[in-house]
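Heads up, the thing below is written out as structure tokens.
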Amino acid sequence: MEPTQLESKQHLTTRRGFIAAFGFGGVALYGAWAAYGASPLPFTHASGGHAAHGTAPAKAPAGHSGHGADPLMTPDEFLRRHEAFLARFRTPDGRVVVPAAAAPEDAHADHGAPQPHATHGTPTPPPAQSHAEHAPQPADGEPLDIYLHAFRFGFTPDEMHLRAGQPYRFRMLASDVSHGASLQLGHASRIVRLRANVVSEQTITFHRPGRVLVYCTVFCGPAHDAMSGRIVVA
Amino acid sequence: MSTTSTTMTSPRAPQTPLSRFATLQTADRLLCGVLIALSLFALALGIAYGVAMALVRSGLLAPAPDTGYRVLTLHGTTAFFYWLYTAQAATVLLLAAAEKKGALALRGLAWAGTALIAAGFVLSELAAIAGPPLLYEANPELGTDDPRTVAGMTGGYLLLAAGFALIALSSIATVLATRRQADGGLSALGFGLLAWAGFLIVSAVAAVNAFLPGLLWASGFGAFPHAATTDWHILFHNLHYLPLMATVLVWYALAQDLTGISPATGTAFSKIVFASYLVFVPPTSLYHMFLEPGLPESVRVAGSLLSLFVSVPTLIAFLIVVASLEIHTRAGGEGGMRARLRRLPWDNPAMANMGVAILTMLIGLAFAFVLIQEKLAPLLSDTMFVPGYFHFFAVGTVTQSFIAMLAMAVPAVSGRPLWRPRLLCVMPWIVLAGLLLFGAGGLGAGLMGVPRRVVDIGYGGEAPAIWRPFMAMVGIGGVLFASALAVSVFGVLRSLVPGRRGLAAAAEPHVAAARSAAAPAAAAWTGPLAVVLLVAAMYGATIGAFELMQSLPVTAAGGGAH
């Protein structure tokens with residue numbers, strides 16, 4: 001026998017339907033996602049007005065994937081292009097300086113114009129006007145290719161000089177074990193995870209000059225702490 | 001308002017699930033006692049490693065990097081695998097025995113399982129101590145230069161999995177024997193135990209899937225396990241939610257024993273809720289992989305949407321338990337919420353631990369839901385945000401719930417009164433204070449990008465200076481909650497040493513106070529109100545994360561991979 005039996009009509013708050021309904025309370029968070037244009041279902045369109053003003057949803061796409069049309073790049077091909085990239089832009093003191101208007105010699109030979117949000121219809125925001133005004137743009141408006149090689153326990157290049165307002169297509173490879181290639185951006189970071197022998201890419205535009213710490217956020221061995229580099233945004 | 005009549009029973013009658021521990025047979029008490037001791041030993045070790053880690057992360061200790069990562073490996077291995085799984089094995093066995101009110105079925109199998117867990121524990125610890133740090137997932141990528149360490153850690157985990165699977169089988173057989181004895185079929189708790197034990201066996205299969213390829217490779221019998229990361233994620237999700245299911249079952253049992261009230265929603269509804277874990281949990285695993293390169297956008301979106309449902313069974317169980325507690329307090333007389341709260345048996349360590357466990361679950365959920373949104377993953381995954389929120393679950397909710405259960409069961413198992421119950425009633429609140437400090441530091445540090453698995457976060461002076469104060473909060477909070485938890489562990493372990501007092505005398509103080517009057521019709525608004533507040537907190541945390549992401553001086557697109 002149970003210790004206590006509730007036998008007659010119950011209060012609303014102890015009825016099964018009421019309790020079950022409140023159990024789905026977490027689903028209500030969908031509203032917040034929709035408000036920020038971070039959900040693909042119909043309510044997302046309600047945020048379109050915000051996008052037009054370049055506010056909340058505009059920068060929400062960070063993390064989107066939109067490279068479904070890209071062909072495969074093998075690690076060997078990455079390393080070949082990486083060497084060519086270093087040979088072209090490395091300065092005598094070891095830094096890599098990528099001029100804003102310079103197009104890498106293999107630029108976009110196998111890529112169409114990036115459409116990072118084609119899969120979900122959220123437009124890619126333009127850089128903030130104040131930055132874009134001062135940033136040199138490549139003639140065709142396409143991102144410049146950057147090749148970042150992560151390995152135990154460092155990055156090459158470990159110091160890059162880039163320009164604010166210029167979109168860069170970061171192609172990244174962890175050639176031994178999994179690594180991170182995260183960007184510390186002052187009051188927060190953008191975390192990037194790389195898996196061994198998988199070429200990853202992200203198109204990144206820095207909007208403000210400054211120094212950006214590039215650091216490994218996936219444990220990779222004893223000297224994991226020391227695995228860092230920097231990007232100087234001019 | 002409608003009226004409700006209630007049927008009360010004497011609190012001295014051993015009819016609630018936990019009070020039935022007093023009827024355990026001597027051989028079963030010995031087995032359960034060994035399992036409890038083993039689990040608490042693992043917890044004590046895990047706490048010690050955790051304190052060391054907290055001191056390292058706060059900068060107060062500066063070991064060689066290898067040592068730091070070895071301690072991190074040992075902390076995760078010991079606390080996350082051996083404490084949580086062994087505690088589950090002990091709890092499911094105890095509750096199954098309590099359901100049956102007789103001898104455990106397949107006791108030999110359960111003993112074999114216990115021996116396997118102990119052997120696995122020794123093997124994993126030795127491998128983690130002697131070899132290069134692989135972290136608790138025993139990552140074979142990091143062990144290519146020393147496959148013996150991979151073999152030791154994965155071998156240990158496989159022994160652990162075999163061990164808790166055998167104990168789960170014994171529990172299932174015991175509960176099914178109960179069904180044969182009872183006229184009316186299984187109780188809700190018995191049904192929940194079956195689901196839980198079944199889920200444990202599924203978890204063991206997932207562990208084999210995750211670790212056997214690594215063991216075969218390390219032993220020279222197989223190819224390198226390139227799919228180890230994916231296989232780990234499958235197990236990892238299981239590792240997350242199985243203890244949470246165990247927790248709500250413990251709450252379900254404790255609420256009955258502490259208040260004498262059976263759930264207002266009835267047995268059938270409770271069974272549906274327990275079974276729903278099997279429906280809601282497996283499809284919601286994708287959010288762990290949002291940062292994986294090459295994961296298609298459609299999968300990320302589907303993962304986010306499905307993850308919205310991950311809390312459904314836990315929240316429903318929470319509402320049932322809180323409703324039961326509220327009905328109990330309302331039956332005690334008039335008064336506001338404060339007066340009603342005072343009527344709960346806070347002088348019982350089980351109630352104090354369960355109360356704090358419920359609070360920390362709500363806090364943890366508010367922040368956990370930030371991470372189920374794929375577009376926020378690049379802001380927070382792999383940062384201190386993750387340990388910042390999951391310790392609310394792993395320590396505050398799950399560990400304290402198991403401590404609560406053991407505080408009730410151990411005196412019955414050992415025949416000895418609980419050690420210093422007044423002191424043990426205070427400890428959960430100190431744990432809560434420590435967790436709040438740890439969580440505030442960890443969540444803040446994570447939002448600013450502090451990586452979760454880096455011993456020295458200085459980066460040659462290039463890291464933001466603000467990282468340090470947040471990590472100091474992590475260290476202080478971690479030491480505080482670990483110290484209080486260690487006292488609770490000591491108290492339960494001390495009480496496990498067999499005493500000379502009789503079983504009934506030991507168990508008696510923990511049973512709910514007698515109530516003879518019929519309870520009036522009872523509303524239970526506390527649970528729904530808590531859910532409303534939880535959703536508001538989820539909104540706050542999620543909006544804050546979106547705003548932070550949008551403030552970054554960078555626009556990024558793509559997580560694609562070739």
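The values are calculated or read from the model by the stated rules, or taken from the named source; none is laboratory data. The structure presented is a predicted model; accordingly, all values stated were derived computationally and were not measured. Cβ coordinates were reconstructed from backbone atoms using ideal geometry, including for glycine residues, and neighbour counts include every protein chain displayed.
What number of residues within the stretch A:178-208 satisfy the criterion of being among the aliphatic types (A, V, I, L, M) and either more than 7 Å from chain B (Cβ to nearest Cβ) or under 10 Å from the mean Cα position of the chain (by Cα) (or both)?
Number of matching residues: 5.
Among the residues of the stretch B:214-231, count how many are without any contact (Cβ under 8 Å) to a residue 60 or more places away in the chain, out of contact with any helix residue (DSSP H, G or I) (no Cβ under 7 Å at 6 or more places or on another chain) and part of a helix (DSSP H, G or I).
Looking only at that region, the number is 2.
Could you pull out every one of the helices (runs of 4 or more DSSP H) wholly within the stretch B:272-374 that has 1 or more residues that are β-branched (Val, Ile, Thr) and surrounded by 24 or more Cβ atoms within 10 Å (Cβ to Cβ)?
Result: B:312-331, B:349-368.
Considering only the stretch B:202-235, how many residues are modelled with pLDDT under 90 and farther than 17 Å from B:Ala151 by Cα?
3
B:Pro345 versus (1) more than 18 Å from B:Val535 (Cβ to Cβ); (2) within 14 Å of chain A (Cβ to nearest Cβ); (3) not basic (Lys, Arg): which is the lone unmet condition?
Of (1) more than 18 Å from B:Val535 (Cβ to Cβ); (2) within 14 Å of chain A (Cβ to nearest Cβ); (3) not basic (Lys, Arg), only one is false for B:Pro345: (2).
Residue check, A:Ile19 against (1) modelled with pLDDT of 50 or more; (2) facing chain B (nearest Cβ under 8 Å); (3) out of contact with any Leu (no Cβ under 6 Å at 6 or more places or on another chain), all met but one. Which one?
For A:Ile19, the exception is condition (3).
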